[in-house]
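I have placed the structure first, in the form of structure tokens, so that the comments after it can refer back to it.
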Amino acid sequence: MQMIKVNDIHKSFHKLEVLKGISLEVQKGEVVAIIGPSGSGKSTFLRCLNRLETIDRGTIEIEGEVLAAPGPDGKICYAPEEQARRICRKMGMVFQQFNLFPHLTVLENVIEAPLVVKGVKREDIVPEAEELLRKVGLLDKRDSYPSRLSGGQKQRVAIARALAMKPDIMLFDEPTSALDPELTGEVLRAMRQLAEEHMTMLVVTHEMAFAREVASRVVFMDKGEIIEAGTPAEIFSRPAHPRTQAFLNNML
Ligand SMILES: Nc1ncnc2c1ncn2[C@@H]1O[C@H](COP(=O)(O)OP(=O)(O)OP(=O)(O)O)[C@@H](O)[C@H]1O
Ligand SMILES: [Mg+2]
């Protein structure tokens with residue numbers, strides 16, 4: 001099943017074209033790592049998928065439903081608001097900055113969106129939230145406030161919070177790049193576990209070891225384009241494009 005299908009998407013900020021025709025398909029259960037230099041458009045691409053940014057050209061389909069496509073006049077048309085929101089809810093997103101609510105406890109952070117957005121009953125969501133916290137190893141922090149947590153713990157709460165909405169797809173934008181090196185491992189472990197449970201994942205990362213070991217496919221982006229994509233073995237051991245080679249030489 002095709003979870004994400006984007007075709008030739010373009011995005012400009014004023015005169016700066018940041019995405020210059022990105023096409024990508026992601027199948028159910030795939031873990032796709034997106035790597036590339038700073039400013040190449042990786043975050044913008046993820047943000048376009050869940051409508052945090054709007055595209056100028058191209059099409060976006062999520063699980064076979066059209067989120068954005070050209071209308072009869074060629075201009076991009078988004079699905080009606082209600083439907084677009086429902087489509088975007090299929091995707092959970094974890095950012096570099098965890099964006100937890102500081103005035104809510106860990107448990108309250110996790111149950112907030114299901115309560116408010118989905119109208120799930122508190123007694124139904126609390127056990128699920130506790131199970132998710134157990135899974136990311138933070139059940140004992142259930143009643144703590146985010147200010148009392150380490151960066152790695154905050155990020156694991158952010159992962160549990162995204163999962164509480166029961167997404168079919170998880171989008172990660174450099175989830176470990178704001179963390180001290182000794183805290184990245186615990187977050188990568190939580191992500192690896194998700195991958196093992198066959199969650200469909202799109203992960204922007206500079207953790208090359210993670211991409212190599214966990215990703216089913218690696219996509220190299222540079223200057224708003226996908227330069228090449230392949231299995232981790234193909235991209236890391238025998239990159240075809242000189243720009244990929246140069247980037248990896250710099251990273252490793
Ligand atoms: N809201 C915005 N307004 C104007 N320009 C933007 C905006 N967001 C991003 N850009 C520009 O778009 C380009 C791509 O940015 P983006 O954040 O997508 O890159 P990135 O690949 O995620 O980089 P990094 O690895 O540093 O996170 C950059 O030149 C950036 O300055
Ligand atoms: Mg970015």
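For residue 173, state whether it is within 16 Å of ligand 1 (Cβ to nearest atom) and at pLDDT 95 or above.
yes
Looking only at segment 98-107, count how many residues are open to solvent by 60 Å² or more (accessible area, probe 1.4 Å) and modelled with pLDDT of 95 or more.
Total meeting the criteria: 3.
Here is a check on your reading of the model: is residue 57 in contact (Cβ under 8 Å) with a residue 60 or more places away in the chain and not aliphatic (A, V, I, L, M)?
Answer is no for this residue.
Answer yes if at least one residue in segment 66-85 is closer than 24 Å to residue 131 by Cα, charged (D, E, K, R) and out of contact with any strand residue (DSSP E or B) (no Cβ under 7 Å at 6 or more places or on another chain), and no otherwise.
Looking for residues that are closer than 24 Å to residue 131 by Cα, charged (D, E, K, R) and out of contact with any strand residue (DSSP E or B) (no Cβ under 7 Å at 6 or more places or on another chain), one finds none in segment 66-85, hence no.
Examine segment 83-97 for a residue that is among the small types (Gly, Ala, Ser) and open to solvent by less than 30 Å² (accessible area, probe 1.4 Å), and state whether such a residue exists.
Yes, the conditions are met somewhere in segment 83-97.
Can you tell which of 99, 109 is at positive phi and under 21 Å from the mean Cα position of the chain (by Cα)?
Every option except 99 fails the conditions.
For segment 197-207, which positions are within 16 Å of ligand 2 (Cβ to nearest atom) and open to solvent by 20 Å² or more (accessible area, probe 1.4 Å)?
206, 207
Looking at 155, 83, which is the one that is among the polar types (S, T, N, Q) and either in contact (Cβ under 8 Å) with a residue 60 or more places away in the chain or within 16 Å of ligand 1 (Cβ to nearest atom) (or both)?
Being among the polar types (S, T, N, Q) and either in contact (Cβ under 8 Å) with a residue 60 or more places away in the chain or within 16 Å of ligand 1 (Cβ to nearest atom) (or both) holds for just one of 155, 83, which is 155.
With 176, 205 as the choices, which residue is in contact with a strand residue (DSSP E or B) (Cβ under 9 Å, 6 or more places away or on another chain) and closer than 30 Å to residue 22 by Cα?
205
Can you tell me which residue is surrounded by the fewest Cβ atoms within 10 Å (Cβ to Cβ) among those in segment 43-62 that are under 10 Å from the mean Cα position of the chain (by Cα) and more than 9 Å from ligand 1 (Cβ to nearest atom)?
Taking the candidates together, the pick is 50.
Please determine whether any residue of segment 210-232 is part of a loop (DSSP other than H, G, I, E, B), touching a residue at least 24 places away in the same chain (Cβ under 8 Å), under 25 Å from residue 137 (Cβ atoms) and open to solvent by less than 30 Å² (accessible area, probe 1.4 Å).
Yes.
Exactly one condition in (1) more than 19 Å from residue 89 (Cα to Cα); (2) under 17 Å from the mean Cα position of the chain (by Cα); (3) open to solvent by 50 Å² or more (accessible area, probe 1.4 Å) is false for residue 72; which is it?
Only one criterion is unmet by residue 72, namely (2).
Would you call residue 167 in a loop (DSSP other than H, G, I, E, B), open to solvent by less than 10 Å² (accessible area, probe 1.4 Å), under 23 Å from residue 88 (Cα atoms) and not charged (D, E, K, R)?
Spelling it out, it is not the case that residue 167 is in a loop (DSSP other than H, G, I, E, B), open to solvent by less than 10 Å² (accessible area, probe 1.4 Å), under 23 Å from residue 88 (Cα atoms) and not charged (D, E, K, R).
Say we look at segment 11-42 and pick out the residues that are open to solvent by less than 20 Å² (accessible area, probe 1.4 Å) and away from ligand 2 (no atom under 14 Å from the Cβ); which of these is farthest from residue 68 (Cα to Cα)?
So, considering only residues that are open to solvent by less than 20 Å² (accessible area, probe 1.4 Å) and away from ligand 2 (no atom under 14 Å from the Cβ), the one farthest from residue 68 (Cα to Cα) is 31.
The values are calculated or read from the model by the stated rules, or taken from the named source; none is laboratory data. Bear in mind that the values here come from a model prediction, so they are computed numbers and not experimental data. Heads up, the Cβs are rebuilt from the backbone with ideal geometry, glycines too, and the neighbour counts pull from every protein chain shown. With ligands, DNA and RNA removed, areas are computed over all heavy atoms of the protein, side chains included. Shrake-Rupley method; radii C 1.70, N 1.55, O 1.52, S 1.80 Å.
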